[in-house]
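The values are calculated or read from the model by the stated rules, or taken from the named source; none is laboratory data. None of the values given here were measured: they were computed from a predicted structure. Heads up, the Cβs are rebuilt from the backbone with ideal geometry, glycines too, and the neighbour counts pull from every protein chain shown. With ligands, DNA and RNA removed, areas are computed over all heavy atoms of the protein, side chains included. Shrake-Rupley method; radii C 1.70, N 1.55, O 1.52, S 1.80 Å.
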Amino acid sequence: MFMNHSFKKYRQLLFSLVVIIAVIITSCNEPAPATSTPVRDDAYFLKLGDSLVMKTFDTLRNTLMRTVSMKGLPGAVQFCNTEAFTLSNIYTSDSVSLRRVSERFRNKANTPDETEKKILALFAQSKAEKKELKPMLEKDADGNTHFFKPILVQSMCLNCHGDLQAQIKPETLKVIQQFYPNDMATGYKEGDLRGMWHLVFKK
């Protein structure tokens with residue numbers, strides 16, 4: 001009787017151990033819980049880049065239009081000289097940088113680097129071939145994502161960037177020459193490629 005009772009206890013203990021081991025193995029094989037981190041693929045950066053460009057452009061345009069209504073076009077030129085750079089960076093952060101560049105720049109701060117010149121040339125080629133200009137993405141060696149979006153000349157821009165004789169008034173041109181003696185940003189037509197936005201999403 002004693003031997004039979006001991007064997008039963010041993011068998012129960014062995015069964016309990018088997019159950020515990022099975023539970024542990026099953027738990028180890030369960031997938032990790034899903035996180036709320038967004039998938040940062042190309043579509044994510046294209047959407048985010050477009051959103052930041054739109055917000056920045058709206059801020060610049062609305063502030064510029066208010067300045068024109070209060071101080072006229074000469075006052076708007078002075079505004080661009082002192083405030084446009086600050087407003088362009090209103091939505092930047094430690095993880096996102098933003099700037100505008102053009103090979104025919106007015107402000108030296110908008111001078112493109114070699115990478116930006118390459119992208120500008122691609123946009124210019126697409127424009128010459130009458131192709132639709134779409135934003136582009138590139139990754140650098142450090143894993144940062146670069147967003148490039150073309151800037152096209154709108155009709156309102158011609159008051160300061162159009163034909164020197166027909167579209168830019170003498171009083172406006174005088175202020176442009178005062179603040180930008182080496183200006184190259186005139187002679188444009190509506191729809192021309194003016195430059196581009198360049199955003200960097202840091203890894």
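Below are the figures for this structure:
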quantity: Rounded to the nearest 20 debye, dipole of the stretch 49-203 from Cβ charges on Lys, Arg, Asp, Glu; calculated: 200 debye
quantity: The stretch 52-177 - Rg over Rh from alpha carbon coordinates, Kirkwood radius; calculated: 0.98
quantity: Potential lengthening between residue 108 and residue 163 on full extension [0.36 nm per residue; Cα-Cα distance subtracted]; calculated: 17.7 nm
quantity: Distance from the stretch 143-162 to the stretch 69-134 (C-alpha centre basis), Å; calculated: 6 Å
quantity: Contour excess over end-to-end distance, with Cα ends at residue 87 and residue 134 and 0.36 nm allotted per residue; calculated: 14.5 nm
quantity: The stretch 140-200, relative contact order [Cα under 8 Å, separation at least 6], %; calculated: 53 percent
quantity: Surface accessible to a 1.4 Å probe, residue 54 within the full protein complex, Å²; calculated: 120 Å²
